[in-house]
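Remarks on the structure that follows.
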Amino acid sequence: MVDREANLTALFYFHDRPLASGTETDQVILVVCRDQGLQQVVWVGRPLGDVAAASAREAMRRKGVRRHGEPRIGPAANALEWPEARTTLAMRMGDDSTRMLVMTVSGPGFAACSAVHRAATGHPAESHVTDLLGENGPQAGHDTQP
């Protein structure tokens, strides 16, 4: 699926298609900026129950720590981020009370792309991920400590 708004084109790949065909993947979204090219990859995990979601989040946090060091509390409730790696880990609630991990990785030109998007639409490019996470932002189902 393709969605376009101002300078952004989002390419959605669902779990039964290449790029999103892993057993733990529900969808992958590639965000392409008109002037900067591919600037964001959004990975959305398959729906999980509370215990499995907490376990998967912890495994991803540990992997992030090995690669990028300790995270800081992210820009939204219960999100973790590794600023130097331009990576954020969050949790989204499903309609059926399941939880889905959401990880974003942004490219070096994402801030410039977002500024152009804000000028054209009145909102930054980041608001699209916030919308994906739901009205109340990311949900983790447990405390926010990294």
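The table below lists the values:
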quantity	calculated
Criterion violated by Val32 - all others in (1) among the β-branched types (Val, Ile, Thr); (2) in contact (Cβ under 8 Å) with a residue 40 or more places away in the chain; (3) surrounded by 16 or more Cβ atoms within 10 Å (Cβ to Cβ) satisfied	(2)
Candidates Gly64, Gly69, Gly37, Gly45, filtered to the one that is in contact (Cβ under 8 Å) with a residue 12 or more places away in the chain and either of a type in the set (Val, Ile, Thr) or closer than 19 Å to Thr98 by Cα (or both)	Gly45
Top-ranked residue of segment 1-29 - restricted to ones that are touching an Asp or Glu at 6+ places or on another chain (Cβ under 8 Å) and open to solvent by 50 Å² or more (accessible area, probe 1.4 Å), ranked as nearest to Thr121 (Cα to Cα)	Phe14
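The values are calculated or read from the model by the stated rules, or taken from the named source; none is laboratory data. Computed from a predicted model, the values in this text were never measured in an experiment. FYI the Cβ positions are ideal-geometry reconstructions off the backbone, even for glycines, and counts take in every protein chain you see. Remember, those area values only see protein heavy atoms, side chains included, never the ligands or the DNA or RNA. Shrake-Rupley method; radii C 1.70, N 1.55, O 1.52, S 1.80 Å.
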